[in-house]
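Report on the following structure.
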Amino acid sequence: MDALNKLFNDERKHFREENLKKYIQAGKIAARVREEIKKVVKEDMPLIEVCETVEGRIRDLGGKPAFPCNISINEVAAHYTSPPNDERRIPEKALVKIDIGVHVDGYIADTATTVCFSPEYEEMVYVAEKALEAGISIIRPGISISKVSSEIQATIERYGFKPVSNLTGHQIGRYIIHAGKSIPNISHFSLERITSGCVYAIEPFVTLKDAIGIVEDGPERYIFRLVKYKFAQRQTEIKNLLNFINENFKTLPFAERWLKRNLGREEAYKRAFAELISQKYLISYPVFIEASLKPVAQAEHTIYVGDKDIIVIT
Ligand code: MN
Ligand code: MN
């Protein structure tokens, strides 16, 4: 029995180490792209240029985007990515959140930063980073998730700001960005604990004290995900598009920009895409907007929880 146990433990250890290598590789790429883009982003820059630079660099460095580059400005808290032919530009004095996902063989690193062009909001950006650090600093295997959340909230409030209460950190699984447990940024009742061998993204969202502090769904939707894959499709265009999405993105979110580049015949493709949405093969994610239209800052890292120590992979 002992020998069997040892074999099992060795197997488990080997499995973890192999996976961890891929997480670390994804994390290195994500961190590098985040630091690079921070220096490039400027007022008046086209949003699509930011998205495509991030996604291009991820591919150049040997990873794949785990989701479209999110560029969310001011009161837009998350889930904006450029649609095809986006003409929007970074406004003056903007608060620009850039959220980057990289995967290597399905092992995902998720990280975000806020670039601030308004001196008024610099402290809020600093507080998001501080809250992220504070949350990570107390994480260890077995700690209750509500403790981590309370630490994040306390840090944000100590500086006189407010956490966004309905955006959370999350566990990460292979090819799954939001897997299992959530890590809210406000204290709450929960029996859930941080478990060793798991990967989590910690991501405080911070807004002004007099904001409502929740996000609502906006009218725009530019991020999609495959949720159904069965072959009742007869039309070639629809079949081809469905195959393309399944082969390239699997269960990960994607942008319409990523389809256009690869599939010709504009009209037929547009019909097929609309058809897949209406037949619920694809779901779309609404842009999240702070309910009182107050600016939001975000910071995010992905961590691997080992038996003894925590590795910040991004
Ligand atoms: Mn993220
Ligand atoms: Mn995340």
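Readers should treat all values here as calculations from the given coordinates under stated rules, not as data from a laboratory. In this text the structure is predicted, and so the values were computed from the model without any measurement. No Cβ is skipped: glycine too gets one built from the backbone with ideal geometry, and neighbour counts run over all protein chains shown.
Odds and ends about this structure:
- 13 Å beta-carbon shell around THR111, net charge (K/R +1, D/E -1): -2
- Neighbour net charge for ALA297 - beta-carbon separation under 10 angstrom, K R +1, D E -1: -2
- Sorting THR236, THR155 by the number of Cβ atoms found within 10 Å of their own Cβ, with the fewest placed first, yields THR236, THR155.
- Residue order, fewest to most surrounding Cβ atoms within 10 angstrom, among THR314, THR207: THR314, THR207
- Orphan Cys of the chain, criterion: no other Cys C-beta under 4.7 Å: CYS116, CYS198
- Stretching LEU293 away from HIS14 to a fully extended chain increases their span by 95.6 nm, per 0.36 nm per residue minus the current alpha-carbon distance.
- In order through the range 297-314: 3J(HN,Hα) via Karplus (6.51 cos²θ - 1.76 cosθ + 1.60), integer Hz, x for Gly, Pro: 10, 9, 9, 8, 10, 10, 10, 9, 9, x, 5, 10, 10, 10, 10, 7, 7, 10
- The relative contact order of the chain, computed from alpha carbon pairs under 8 Å that lie at least 6 residues apart in sequence, is 23 percent.
- A Förster distance of 51 Å, applied to the separation of the beta-carbon atoms of ASP2 and ARG59, puts the FRET efficiency at 0.60.
- Cleavage-rule hits, trypsin sites (Lys or Arg not before Pro), the range 1-94, DSSP coil, Cβ neighbours within 10 Å at most 15: LYS42, ARG88, LYS93
- Relative to the current alpha-carbon distance between ILE283 and LYS21, full extension at 0.36 nm per residue lengthens the span by 91.2 nm.
- Taking a straight line from the alpha carbon of LYS42, these lysines sit under 22 Å away, with near neighbours fewer than eight places off in the same chain left out: LYS93, LYS97, LYS294.
- In a simple Cβ point-charge model (Lys, Arg +1; Asp, Glu -1; nothing else charged), the chain has a dipole of about 1000 debye relative to its Cα centre.
- Its Cα gyration tensor gives the range 220-287 an equivalent ellipsoid. The semi-axes, each the square root of 5 times an eigenvalue, are 16, 14, 12 Å from largest down.
- Cβ-placed point charges (K, R +1; D, E -1), dipole of the range 220-287 about Cα centre in debye, nearest 20: 160 debye
- Candidate aspartates and glutamates for bridging to LYS239, where Cα separation is under 13 Å - those fewer than 8 sequence places away on the same chain excluded: GLU247, GLU275
- Relative contact order (%) - the range 15-74, alpha-carbon pairs under 8 angstrom, separation at least six: 32 percent
- Amide H within-cut-off set for ALA77, under 5 Å, with H built and near neighbours excluded: PHE288, ILE289, GLU290
- Neighbourhood net charge (14 Å Cβ-Cβ; Lys/Arg +1, Asp/Glu -1) for LYS21: +2
- Where GluC sites (Glu not before Pro) in DSSP loops with at most 10 other Cβ within 10 Å are excluded, longest remaining stretch of the chain: 93-314
- Residues of type aspartates and glutamates that LYS250 reaches as a straight line, Cα spacing below 16 Å, ignoring anything fewer than 8 places off in the same chain: ASP105
- Label-to-label distance, nm, for residues given as GLN235 and SER190 (7 Å Cα→Cβ offset): 4.2 nm
- For ILE212 and ARG271, the difference between the fully extended length at 0.36 nm per residue and the C-alpha to C-alpha distance is 17.3 nm.
- 5 angstrom amide H check on ALA66, placed H, neighbours 5+ away: GLY101, VAL102, HIS103
- Under the criterion of Cα pairs below 8 Å and six or more residues apart, the relative contact order for the range 165-282 equals 25 percent.
- Computed over the alpha carbons of the chain, Rg followed by Dmax gives 20.1, 67 Å.
- Placing +1 on the Cβ of every Lys and Arg and -1 on the Cβ of every Asp and Glu, with no other charges, gives the range 8-150 a dipole of roughly 580 debye about its Cα centre.
- Positive dipole terminus of the chain, leading residue within VAL104, GLY27, GLY218 (C-beta point charges): VAL104
- Label-point separation in nm, GLU122 to LYS147, each point 7 Å along Cα→Cβ: 3.6 nm
- Dipole axis of the chain (+1 Lys, Arg; -1 Asp, Glu on Cβ), positive-most option in TYR229, THR207, GLN153: TYR229
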